1. Can you give me the % of accessible surface on the range 1-125 that is carbon or sulfur? Probe 1.4 Å, all protein chains present, nothing else counted.
2. Give the accessible surface of the chain per residue, rounded to a whole number of Å², with probe radius 1.4 Å and ligands, DNA and RNA excluded.
3. Find how many whole Å separate the alpha carbon centroid of the range 139-188 from the alpha carbon centroid of the range 1-68.
4. Apply the Karplus parameterisation 6.51 cos²θ - 1.76 cosθ + 1.60, with θ equal to phi minus 60°, to every residue of the range 335-346 and state each ³J(HN,Hα) to the nearest whole Hz, in sequence, with x for glycine and proline.
5. With no solvent and one equal point scatterer placed on each C-alpha of the chain, evaluate the Debye formula and give log10 I(q)/I(0) for q = 0.11 Å⁻¹, two decimals.
6. Using a 1.4 Å probe over the heavy atoms of the protein chains, calculate the carbon and sulfur portion of the accessible area of the range 295-361 as a whole percent.
7. Relative to the first principal axis of the alpha-carbon coordinates of the chain, what is the inclination of helix 234-259, with its axis defined by its Cα atoms, in degrees from 0 to 90 and to the nearest 10?
8. To the nearest 0.05, how large is the calculated FRET efficiency for Asp37 and Ala128 if R₀ is 22 Å and r is the Cβ-Cβ distance?
Amino acid sequence: MTRLDRVVVIGTGLIGTSIALALRHEGVEVCLHDRDDASLRLAVALGAGIPLASSEHTGPADVAIIAVPPAVAPATLKSAQDEGVAEVYTDTASVKTHLVRRAAALGCDMTTFVPGHPMGGRERTGPAAAQADLFLGRPWALCPTPDSTPHSLAVVDELARRCGGRPIVMDAHDHDQAVALVSHLPHAISAAMSARLLGAGSHSLDLSGQGVRDVSRLAGGSPAMWTEILVQNAEPLASVFDAVIDDLHTLAQALRKVSAGDDPSADVVRDLLERGRAGRELIPGKHGGPATDYVVLPVVIPDEPGALARLFSAAQESNVNIEDVSLDHSPGLPVAVAHLSVHPDSLASLSEGLAKRGWMVHTPPSDR
Ligand SMILES: NC(=O)C1=CN([C@@H]2O[C@H](COP(=O)(O)OP(=O)(O)OC[C@H]3O[C@@H](n4cnc5c(N)ncnc54)[C@H](O)[C@@H]3O)[C@@H](O)[C@H]2O)C=CC1
Ligand SMILES: O=C(O)C(=O)Cc1ccc(O)cc1
């Protein structure tokens with residue numbers, strides 16, 4: 001097994017601290033560094049490791065992880081290598097071709113460097129949002145350069161696995177094309193949709209339900225960091241945008257025709273919705289297999305302490321495993337709606353079990 005006894009994390013924000021916490025759980029010794037003292041102190045207080053500056057070790061660590069914003073990642077790598085903090089280096093930046101080009105131009109040692117990208121994250125930044133299980137079951141792209149040694153790749157592969165991730169080795173160019181579609185496009189669409197809300201009056205915003213919350217989640221990310229990401233992946237991203245704009249343009253045209261009385265144009269609308277549903281079904285589940293299509297059972301619950309606990313225990317008495325749960329609650333109302341996600345085979349037992357125990361359930365129709 002590849003040795004991973006001591007690591008250095010540079011950049012103790014969301015990603016760096018999450019990696020550090022995951023490695024601490026594995027018993028790995030972690031030294032931390034951040035240019036911002038407050039971030040470093042919080043990461044230390046969370047148990048992510050000890051400050052690099054106070055470490056008694058003088059020799060290089062097994063691997064250093066550069067988890068800083070994309071624009072400063074190449075220069076941070078260069079100074080870490082100049083100081084000899086580790087034998088092997090990786091990073092977590094969301095775009096790879098730009099980083100590799102800049103790192104080579106700065107004279108970084110490309111033999112000990114294996115660019116990486118863990119595909120786990122959230123829309124919050126900083127160590128306070130860090131989670132040890134952020135990468136559990138998530139893909140972790142490894143994009144070795146032509147110069148990266150097999151030993152360097154083996155060390156970074158081991159690092160990703162010890163954090164619970166699934167390493168996938170790929171070329172930096174292919175990586176950037178892929179993330180343009182599956183990561184950067186969703187973020188930009190979330191921002192574009194949410195930006196529309198700026199002009200909306202409160203009479204519109206008051207009607208906000210789960211749909212607008214779901215689609216706007218990513219727009220909550222850091223505009224500064226995401227500008228760096230989108231700008232670094234400009235070409236692949238612009239091409240994906242063109243395709244989406246084509247779809248939306250066709251949709252707008254069809255809607256105008258329908259509104260002018262051309263009923264058959266509704267087929268164009270349906271076609272996009274059908275393709276959308278089919279595309280969504282292709283997204284692999286968290287653990288790489290086909291996505292499990294859970295069904296959601298809405299249950300009305302009183303807005304009072306202990307209501308959720310009673311609901312869960314009723315589900316347990318019905319012998320049903322709840323896979324996920326979300327709550328919809330309108331301010332001022334004495335009730336909320338708990339959406340319980342369960343395996344389709346369990347829906348009937350859960351629905352009957354809860355109804356029998358006095359809960360108000362709304363069994364969904366089988367298809368819409
Ligand atoms: N946010 C996300 O969900 C994901 C982000 N990434 C990538 O991971 C990297 C880090 O992102 P986050 O942790 O979200 O950002 P963050 O803003 O939470 O953390 C970045 C940290 O880097 C520190 N930093 C900045 N310049 C530095 C320097 N020169 N030397 C030392 N520390 C420095 C900052 O003080 C901050 O604590 C980015 O490159 C991002 O593209 C990758 C996967 C997911
Ligand atoms: O919030 C989410 O769902 C994400 O997908 C997070 C994310 C953000 C940036 C990345 O480079 C990779 C993953």
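1. C and S fraction of accessible area: 50 percent.
2. The answer is 55 Å² per residue.
3. Answer, in whole Å: 20.
4. The phi angles translate into 10, 10, 10, 9, 9, 9, 8, 9, 5, x, 5, 9 Hz.
5. With one equal scatterer per Cα and no solvent, log10 I(q)/I(0) is -0.93.
6. 54
7. Between helix and principal axis, roughly 10 degrees.
8. 0.90
The values are calculated or read from the model by the stated rules, or taken from the named source; none is laboratory data. Predicted model, so just to flag it, every value in this text is computed and none were measured. Cβ: placed from backbone, ideal geometry, glycine included. Neighbour counts: every protein chain shown. In case anyone asks, the SASA skips ligands and DNA or RNA and just uses the protein heavy atoms, side chains included. Shrake-Rupley method; radii C 1.70, N 1.55, O 1.52, S 1.80 Å.
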